[in-house]
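The values are calculated or read from the model by the stated rules, or taken from the named source; none is laboratory data. Predicted model, so just to flag it, every value in this text is computed and none were measured. Please note: Cβ atoms are built from the backbone with ideal geometry, for glycine as well, and neighbour counts cover all protein chains shown.
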Amino acid sequence: MSVSPQFNVRVLPNTVLGQAAINLAPYSYSSPISVPSLGQTVARLDPNNASGTGFPDTAGDTSVHGYGGVNGTRAWIWGSRFVWDSVTQRALGINSPHPGAALGDADNGYLTLLSMYDATSNQFVIMESPFGNSATWPRSVAHLFDNQCIAGRVLYKWTHPVFRSGQGFVQPQITKINLDALTTDMTSGRLGAAYLGSIPSSLDNNITAGALDYLPGCNCLITLHKSRLLIYDLTATQWLPEVPLGFPVQNAIHNLGHYHPQVGKFVCGGGSLVGSGALSDKWITVDGTTRTITPLDDSPVIMSVQEEGSTTKAASTYDPNSAESIVFHDNGSDYGLNSLRATGAQWRTIASGRAFEVDWCCAMSDYGCILVATSATGGGATIRLYRGA
């Protein structure tokens with residue numbers, strides 16, 4: 001273990017990340033962290049793509065946004081947040097490239113990937129879902145978005161409708177994955193999945209582009225979807241009545257949201273559907289125990305996970321060292337949102353002029369830092385640390 005003078009009594013794990021965090025100044029980025037496996041092209045296992053070439057993505061962006069080519073980090077597009085498992089020291093994100101018919105099988109609408117950074121071994125691993133087994137694993141998962149969280153030893157993730165032979169399309173559901181069953185083996189023991197109950201029929205397929213996290217005070221999963229909240233009570237094992245929020249823009253998907261343990265609230269908002277004019281700058285908090293909703297100041301710019309044709313792309317999570325949430329925007333600015341500040345002063349611009357994009361971020365409370373995946377045109381994918389307060 002290493003003690004950092006800048007974190008006072010904080011004891012950092014004796015890992016590559018721990019060493020990078022020791023001398024990191026407040027509100028600064030580390031240099032790119034050397035992760036040998038990050039630059040390796042991952043062998044293809046998909047029988048529908050035997051050539052081993054890049055996934056036939058309908059949206060493009062393969063060289064810039066880091067899921068194809070030599071990066072070996074496919075599916076970093078359309079995302080905001082990985083989740084951190086402090087027990088195994090892993091950052092996890094379930095994602096998939098854009099849907100495409102080129103896979104040729106109705107049961108294989110998406111290619112499901114689990115991207116995992118293991119801090120203990122300093123390895124980045126990509127695991128593909130088991131093939132020919134759509135009854136137990138959703139091949140249609142969705143992009144990374146901001147729609148996964150950890151509760152106990154379970155990872156929860158919103159999944160797109162799945163087409164299964166003889167059943168047609170199964171409606172969106174939340175997938176459950178046992179974190180203790182994960183390995184770093186590309187060929188065996190990859191992922192087991194189950195489902196929560198079906199969602200209320202009033203919600204549409206775009207629910208998968210909402211923001212999901214866990215409220216520990218009431219043992220509930222909460223999702224911001226467009227202009228409403230959807231809550232699943234894990235104790236009662238049932239969906240609660242949806243909560244309309246009355247935002248002026250009703251159909252802005254690709255929302256952002258995360259639970260902030262320092263303030264005990266789900267901080268959420270934003271969203272966009274570029275091309276439709278649906279752009280939302282509304283933000284709220286939801287108390288992690290009482291579920292009381294409090295409006296926040298409007299964001300200074302539109303923020304969402306929408307990537308293609310968008311000027312709104314952002315990634316956000318909580319600062320482990322303060323009550324602030326950090327938003328990394330593709331306009332090159334880092335923003336801070338503090339729900340404890342007075343109305344009219346809750347947002348601030350921390351810094352501008354960042355030379356790289358942040359594809360996703362992951363708050364790590366035991367490091368006091370945020371892991372960020374960065375990309376730059378022609379520069380490939382890297383990971384860095386960012387320290388807030």
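The set of residues in segment 340-357 that are part of a loop (DSSP other than H, G, I, E, B) and either within 24 Å of residue 306 (Cβ to Cβ) or under 19 Å from the mean Cα position of the chain (by Cα) (or both) comprises 346, 352, 353, 354, 355, 356. Applying the condition of being within 22 Å of residue 259 (Cα to Cα) and assigned to a loop (DSSP other than H, G, I, E, B) to segment 151-196 and asking which residue is modelled with the lowest pLDDT yields 196.
How many residues does segment 368-387 contain that are over 19 Å from the mean Cα position of the chain (by Cα), in a loop (DSSP other than H, G, I, E, B) and in contact (Cβ under 8 Å) with a residue 40 or more places away in the chain?
So in segment 368-387, the residues over 19 Å from the mean Cα position of the chain (by Cα) come out as 376-380.
After this cut, where a residue has to be in a loop (DSSP other than H, G, I, E, B) as well, the list is 377-379.
Then drop every residue that is not in contact (Cβ under 8 Å) with a residue 40 or more places away in the chain, which leaves 377-378.
So the count comes out to 2.
Quick check on my filter: what residues within segment 213-243 are closer than 16 Å to residue 199 by Cβ and of a type outside the set (A, V, I, L, M)?
Let us first name the residues in segment 213-243 that are closer than 16 Å to residue 199 by Cβ, namely 220-226, 228-234, 236-243.
Within segment 213-243, 220, 223, 225, 226, 228, 232, 233, 237, 238, 239, 241, 242 qualify.
Condition test on residue 212, is it within 20 Å of residue 228 (Cα to Cα), at pLDDT below 75 and in contact with a strand residue (DSSP E or B) (Cβ under 8 Å, 6 or more places away or on another chain)? Taking the combined requirement at face value, the residue does not satisfy it.
Within segment 296-338, can you find the residues that are touching a residue at least 60 places away in the same chain (Cβ under 8 Å) and assigned to a strand (DSSP E or B)? Correct list: 314, 315, 316, 317, 318, 324, 325, 326, 327, 334, 337.
Within segment 350-371, restricting attention to residues that are among the aliphatic types (A, V, I, L, M) and modelled with pLDDT of 95 or more, the residue that is surrounded by the fewest Cβ atoms within 10 Å (Cβ to Cβ) is 351. Across segment 323-349, which residue is farthest from residue 302 (Cα to Cα) among those that are surrounded by 16 or more Cβ atoms within 10 Å (Cβ to Cβ) and aliphatic (A, V, I, L, M)? Ranking the candidates gives 323 first.
Looking only at residues of segment 260-284 that are surrounded by fewer than 23 Cβ atoms within 10 Å (Cβ to Cβ) and within 18 Å of residue 320 (Cβ to Cβ), we find that the one that is nearest to the chain's Cα centre (by Cα) is 261. For segment 218-242, residues that are part of a strand (DSSP E or B) and surrounded by 16 or more Cβ atoms within 10 Å (Cβ to Cβ) total 12. For segment 285-295, the candidate set comprises residues that are hydroxyl-bearing (Ser, Thr, Tyr) and in a loop (DSSP other than H, G, I, E, B); within that set, the residue that is surrounded by the most Cβ atoms within 10 Å (Cβ to Cβ) is 289.
The set of residues in segment 8-33 that are outside any helix (DSSP H, G or I), modelled with pLDDT of 90 or more and of a type outside the set (A, V, I, L, M) comprises 15, 26, 27, 28, 29, 30, 31, 32.
Residues in segment 247-257: is at least one part of a strand (DSSP E or B), at pLDDT 90 or above and within 20 Å of the chain's Cα centre (by Cα)?
For segment 247-257, residues part of a strand (DSSP E or B), at pLDDT 90 or above and within 20 Å of the chain's Cα centre (by Cα): present.
So is residue 267 of a type in the set (Val, Ile, Thr), modelled with pLDDT of 95 or more and not in a loop (DSSP other than H, G, I, E, B) or not? It is true that residue 267 is of a type in the set (Val, Ile, Thr), modelled with pLDDT of 95 or more and not in a loop (DSSP other than H, G, I, E, B).
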